[in-house]
Amino acid sequence: MDDVAESGLSRSAGEVEDHRITAELVQNWVVWRDAGNWERFRTIWHPDGRMMATWTQGGRDEFIWSARSPPPSRSCKAATANPGLPSAAPCLGRLAAPAGLALGGDAVRNFDESNITEAVLEKVRQAKGSRVRQVSGSLVRHLHAIVREIEPTQAEWGQAIEFLTRTGQTCTDTRQEFILLSDTLGVSMLVDAINHRLPGNATETTVLGPFYVQAAPEHGLGDDISKGMVGEPLLVEGTVSHTDGSPIAGATVDTWHTDGDGFYDVQGPVDLQGLAGRARFRTDAAGRFWFRSIVPASYPIPDDGPVGDMLKLQGRHPYRPAHVHFMIGHFGCETLVTHLFLAGDQYLDSDVVFGVKDSLIHSLEEQSAGETARGNWVDRPTKALRFDFVLAREQSANLAEAPAVAG
Ligand SMILES: [Fe+2]
């Protein structure tokens, strides 16, 4: 056991568990590329000087290797297939490496500020997928740069971990705190901008937001979707077309918005017996849609959780200007996720999620009872929101496969 003496480590007469020492010793032999799993190793010293390394999995130890001295070559690729294990160190039992791990030959030790980043980058460069390599490398570089810039205390780093933990714990089926975090840090809008470099006359996009509900109830054109929500009556009329102006029949038009007090159906204090202020429509043969509801209001994003705490610390208000959400899709087109913002709202210039674009700000019109300018009918005076959406063609779409659409 000269190698042990050289390493400066001592062994006991009985079984010893010391994860840090285990890592040190294993490094003398082979290097596991998944350094994050070091804590799952256990080293056992026997009275006769034999050392065994085990891999803890499923609550029990799986035997990895056993030896009295290191293999002669540190370039061995795996203990499982290492022909160089000295005879004095016979392999005992199962010698299979843990699934998903590969062995290399570079030492991993003695890290400090000057070399830890490059050491981690070297590890992630071994990922098989090029995108994984790219994303992992960028994550490591930027995360380490943040830490170097702000030099957090241990307590501050603990607070950061606790913040992310609370963010996850705050998520429910109807509340997505991580989307709020992404939105309020401007990341959602950045991702949206990168992914929607659209033709000039296509309707601009904005954030999805945390209140979208999949499988919204389908409604017929002209239906009232407010279902008891409080607020001023609203008529919404619009069309959906291609960038060349041709109408899109059968496009799906998902919409959702708050009530007149700024609450979505999934968060309001009133039992609305299901979803309200949200629906899915299909455009008619001329690409038209229309429905009735109530005028939405500006509202604070949910600020009683970690994201709200963050906003308070940053001195920011949690409000969004009043808007109606739309998600419009059709085969062969880029799905459009956007809002229509109501002109005059006090929060248009300080939207907490940075979602406002000039082209999406629209004024409400006054509509009297009777036939509308677009050929629909209302039985009482109402506010009206009219907008014509333009969808960009999907670059990779095979239009020959477009399904037949009933008018
Ligand atoms: Fe919203």
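The values are calculated or read from the model by the stated rules, or taken from the named source; none is laboratory data. None of the values given here were measured: they were computed from a predicted structure. Cβ placement follows ideal geometry from the backbone for every residue including glycine, while neighbour counts extend to all protein chains displayed.
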Identify all residues within segment 196-220 that are surrounded by 15 or more Cβ atoms within 10 Å (Cβ to Cβ) and in contact with a strand residue (DSSP E or B) (Cβ under 7 Å, 6 or more places away or on another chain); write none if there are none.
-> A202, T203, E204, T205, T206, L208, G209, F211, Y212, V213, A216, H219
Could you list all residues from segment 333-368 that are outside any loop (DSSP other than H, G, I, E, B) and touching a residue at least 24 places away in the same chain (Cβ under 8 Å)?
-> C333, L336, V337, T338, H339, L340, L342, S359, L360, H362, Q367
Take the residues in segment 190-213 that are more than 16 Å from the ligand (Cβ to nearest atom) and of a type in the set (S, T, N, Q), then tell me which one is nearest to Q367 (Cα to Cα).
-> T203
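Let's see how each residue does on (1) within 21 Å of T205 (Cβ to Cβ); (2) touching a helix residue (DSSP H, G or I) at 6+ places or on another chain (Cβ under 8 Å):
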site: A286; (1), (2): no, no
site: I294; (1), (2): no, no
site: P302; (1), (2): no, yes
site: R320; (1), (2): yes, no
site: I328; (1), (2): yes, no
site: L336; (1), (2): yes, no
site: Y347; (1), (2): yes, no
site: S350; (1), (2): yes, no
Determine if segment 332-339 includes at least one residue that is farther than 24 Å from D224 by Cβ and among the hydroxyl-bearing types (S, T, Y).
-> yes
Residues being crowded, with 16+ Cβ neighbours inside 10 Å and away from the ligand (no atom under 16 Å from the Cβ): count how many of those fall in segment 285-298.
-> 6
Sort through R316, R320, R280 and tell me the only one that's among the basic types (K, R), surrounded by fewer than 16 Cβ atoms within 10 Å (Cβ to Cβ) and either on the phi < 0 side of the Ramachandran plot or touching a residue at least 24 places away in the same chain (Cβ under 8 Å) (or both).
-> R316
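Picking from V147, V191, which residue would you name as being surrounded by 12 or more Cβ atoms within 10 Å (Cβ to Cβ), in the same structural domain as V337 (by TED's automatic domain parsing) and of a type outside the set (G, A, S)?
Exactly one residue qualifies, and that residue is V191.
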Single unsatisfied condition, Q273 versus (1) surrounded by fewer than 20 Cβ atoms within 10 Å (Cβ to Cβ); (2) more than 16 Å from the ligand (Cβ to nearest atom); (3) at pLDDT 95 or above; (4) not aliphatic (A, V, I, L, M) | (3)
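Looking at segment 321-343, can you tell me whether even one residue there is of a type in the set (D, E, K, R) and either more than 24 Å from the chain's Cα centre (by Cα) or within 15 Å of the ligand (Cβ to nearest atom) (or both)? Steps first, answer last, please.
Kept after step one, since they are of a type in the set (D, E, K, R), are these residues of segment 321-343: 334.
Next, only the ones that are either more than 24 Å from the chain's Cα centre (by Cα) or within 15 Å of the ligand (Cβ to nearest atom) (or both) stay: none.
No, that holds for no residue.
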Could you identify the single residue in I301, I361 that is crowded, with 20+ Cβ neighbours inside 10 Å and in contact with a Pro (Cβ under 9 Å, 6 or more places away or on another chain)?
-> I301
